[in-house]
Every structure is written in C-alpha cells, then in structure tokens.
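Before any comments, here is the structure.
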Amino acid sequence: WEWHHVMPLLAEHFSVVAMDLRGAGFSDCPLDGYDKATMARDAHEVMVALGHERYVVCGHDIGGMVALPQAAIYREAVTHLAVLDVPLPGWTGWETTTARLWHFSFHMNRDLPERLIHGREYDYVSTFMAERFYDHSTFDPADIAIYAKAMALPGRTRGGMEWYRSLAADHAAALEYKKQPLEIPVLGLGGDQRFGAQMVPMLKEFATNVTGGSIARCSHYVADERPDEVAAALIDFLKTN
C-alpha cells in the first residue's frame with residue numbers, strides 16, 4: 001500500500017509490480033525464511049513467474065534491505081537498483097546507526113513485541129509512523145488504518161518482527177556482497193530529515209555507479225510524504241540510464 005501514490009505515476013512509463021514481503025499484508029507468514037536473501041528469492045521468483053526475466057528493483061526501508069541482496073544475487077536479472085531511506089546491513093555505519101534506533105532492539109526481542117502490540121496495532125502503527133513523518137499534513141489516518149489492519153492479520157506482527165531478528169545474519173551476508181561491487185546503475189534517495197545525506201555514500205560501499213541524494217522537507221516515509229518527487233526521481237533515473 002505504501003506505493004499507492006507512486007505506482008500510477010510510474011505506470012505511465014513502465015510496468016509496475018508491488019508485492020507484500022514475506023510476513024506482511026496478504027503474503028504468507030512462514031515460521032522462518034526472514035533473512036533478506038530468502039526474501040530476495042521470493043521477490044525474484046514473483047518477477048519470473050510474471051514473465052519478467054530482467055527488471056528493476058526498488059525498495060524502501062526493509063524493502064531496501066531486500067532489494068540490495070536481490071541485485072547482488074540475481075545479477076543477470078536486475079538491471080537497476082533503487083534504495084530509499086534505510087540503513088543497510090553491511091554498511092560501515094550499521095552498528096553505530098542501528099544502536100540509536102530503539103525499535104531495532106525492541107523488535108528483536110522474542111515474543112515481547114507481539115504480546116505488547118496485540119490488540120493495539122493502530123496505536124502502535126500510528127505512533128511509530130508519526131515519529132517518522134516531517135510533513136504531518138501528508139499523514140493520512142485512512143492509510144494508517146490500512147497498515148494497522150494488515151498488521152492485525154494472524155501472524156503478521158510476528159512476521160514483521162522476524163525481519164529484525166535476522167539482521168545479524170543479513171549483516172554478515174552483506175559483507176560478502178561488498179567483495180563483488182554492483183556495476184549496474186544504483187539510485188539512493190532519502191528524506192533530508194532522516195537518511196537522505198547518507199544514502200549515496202552508503203550505497204557506494206556496495207556499487208560503483210551510484211547517484212541520488214536527499215528529498216527536501218521529508219523524513220523516512222518518502223513515498224507517502226513526497227510521492228511526486230519520488231516518482232520523478234525514479235523516472236529520471238531509469239530514463240537517463
């Protein structure tokens with residue numbers, strides 16, 4: 001749902017596929033497989049099943065953590081990579097940055113987040129997201145309700161927490177990806193109030209052809225706060241490269 005403002009703008013130029021990751025929304029919530037390489041395999045298999053043997057990958061937040069290994073593992077398939085506002089496992093600033101993000105350590109606790117969030121999904125999602133918006137005029141309660149209802153589906157809170165519980169393994173895997181830098185065009189974008197200034201130097205640790213920067217007056221949820229700017233940046237990136 002996060003891409004519902006951006007997708008119509010991109011669809012004027014490209015075929016667009018948005019999927020719920022393993023553990024989220026209407027996708028399955030298996031007991032394991034939440035390491036980002038396995039989730040990247042999920043996404044790659046979806047694209048192949050839809051007939052796209054070569055494709056562009058764009059991911060925000062956890063989706064960005066999936067997009068990077070997808071590009072690193074499926075090099076013959078992924079033609080371009082875009083990563084939006086997320087600290088990436090394998091980055092030299094990973095430990096110091098994530099140590100300052102309270103929700104990383106909270107979500108890693110086994111069973112505790114699920115117990116505390118159960119029945120309070122709207123309260124948790126609305127508070128969590130409000131903390132990461134800069135322009136609160138774009139904070140739509142109807143969208144928050146959709147996210148909260150998805151989180152309240154059976155197993156989905158646990159699925160979302162499992163994304164964080166695999167991060168130590170993801171970090172180790174990403175250090176291996178850095179040994180063979182990506183040569184495809186890579187775009188790094190982020191809100192100027194969040195990770196925007198870090199996205200390009202961060203991605204240059206993994207790839208040789210990186211462009212991008214910050215989106216002004218924007219925090220973490222770039223596709224919600226500034227969909228026009230995100231779509232324009234993606235279109236320009238893909239048409240230029």
Find which of GLY160, ILE215, GLY64 sits farthest along the positive direction of the dipole of region 58-217, computed with +1 on the beta-carbon of Lys and Arg, -1 on that of Asp and Glu, about the Cα centre.
GLY160
Among MET65, MET202, MET47, which one shows the biggest mean-square fluctuation in a GNM of the chain, springs joining Cα atoms closer than 10 Å?
MET47
Anyone know which of GLY93, GLY25, GLY191 comes out most mobile in the 10 Å Cα GNM of the chain?
GLY93
One checks the Cα atoms of region 1-123 and finds Rg and Dmax, in Å, of 15.9, 44
Find the Cα radius of gyration of the chain, compare it with 2.2 N^0.38 Å by division, and give the number to two decimals.
0.95
Any aspartates and glutamates with Cα under 16 Å of the LYS178 Cα? List them, leaving off those in the same chain fewer than 8 positions away.
ASP170, GLU205
With a 10 Å cut-off between alpha carbons and a GNM built on the chain, which of VAL186, VAL48, VAL66 moves the most?
VAL48
What percent does the relative contact order of the chain come to when contacts are Cα pairs within less than 8 Å and at least six residues apart?
24
Considering only Cα-Cα distances, which of the following residue pairs are longer than 26 Å: LYS204/LYS239; LYS149/LYS204; LYS149/LYS239; LYS36/LYS149; LYS179/LYS239?
LYS149/LYS204; LYS149/LYS239; LYS179/LYS239
Using alpha carbon centroids, what distance separates region 66-121 and region 190-232, in Å?
16
Under a point-charge model restricted to the Cβ atoms of Lys and Arg (+1) and Asp and Glu (-1), what is the dipole moment magnitude of region 7-240 relative to its Cα centre, in debye to the nearest 20?
420
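No lab work stands behind these numbers, since they all come straight from the coordinates. In this text, all values refer to a predicted model and were calculated from it rather than measured experimentally. FYI the Cβ positions are ideal-geometry reconstructions off the backbone, even for glycines, and counts take in every protein chain you see.
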